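In what follows, a structure is listed as structure tokens, so that the remarks can point back to it.
The values are calculated or read from the model by the stated rules, or taken from the named source; none is laboratory data. Keep in mind that what you see is a predicted model, and the values were worked out from it rather than measured. With ideal geometry, Cβ positions are generated from the backbone for all residues, glycine too; neighbour counts draw on all protein chains shown.
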Amino acid sequence: MTQRYARHHGFSLMEIIIALTILGLSLAAIGNLVMTGARSAERAQIETTAQFLCESKLGEIKSGAQPAESIGPIPFEQYEAPSGWQYTVMSQPVDDTGTLLNIVVMVEQVTTDGSDPIRFQLVTWMIDPSIELSPDSNKTITELLQQLES
């Protein structure tokens, strides 16, 4: 009498081990991508903060709330920015008369862990706000700029 063994249909142990290995490698790669994305998002947030602080400080200079003179590096006040930020203002005359200034505002994050700080700078030219036109003068800013060009 011959016995027939029933043939079982299913996965072999080798197939299961290979499938689990592929799954593990895929999860490791996805985890690495998530970590890279999180680091990039954090860096983008810090760079956006630097840009905002730099634009704010340049706006203060343009409005006359802060003098257009070289200073820094100076830490931001606690109410202006999160701790660890400082700014530097560089002001240089563009022409011989000194009426047109080249203003450079640089903001950087002070790091304590030894990593490279994030820096952002803006450059603009503006008429020196300390120069006032005499009351009897009828010159407009356009005329002053044309005078500087000649």
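One line per residue, one yes/no per condition, for (1) under 17 Å from Phe120 (Cα atoms); (2) surrounded by 10 or more Cβ atoms within 10 Å (Cβ to Cβ); (3) among the aliphatic types (A, V, I, L, M):
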residue	(1), (2), (3)
Thr36	no, yes, no
Leu53	yes, yes, yes
Ile71	yes, yes, yes
Phe76	yes, yes, no
**Report entry** Output for segment 111-142, where each listed residue is loosely packed, with under 12 Cβ neighbours inside 10 Å and modelled with pLDDT of 70 or more
**Finding:** Thr111, Thr112, Asp113, Gly114, Ser115, Asp116, Val123, Trp125
Query raised in the report: Any chance segment 62-84 includes a residue that's in a helix (DSSP H, G or I), within 30 Å of Val110 (Cβ to Cβ), at pLDDT 85 or above and aliphatic (A, V, I, L, M)?
Result: no
Query - Qualifying residue in segment 32-50 (condition: closer than 18 Å to Ser130 by Cβ, modelled with pLDDT of 90 or more and either hydrophobic (A, V, I, L, M, F, W, C) or not in a helix (DSSP H, G or I) (or both)) - result: no
Query raised in the report: Which is within 30 Å of Glu149 (Cα to Cα), within 14 Å of the chain's Cα centre (by Cα) and of a type in the set (D, E, K, R), of Glu42, Glu60, Glu55, Glu47?
Result: Glu55
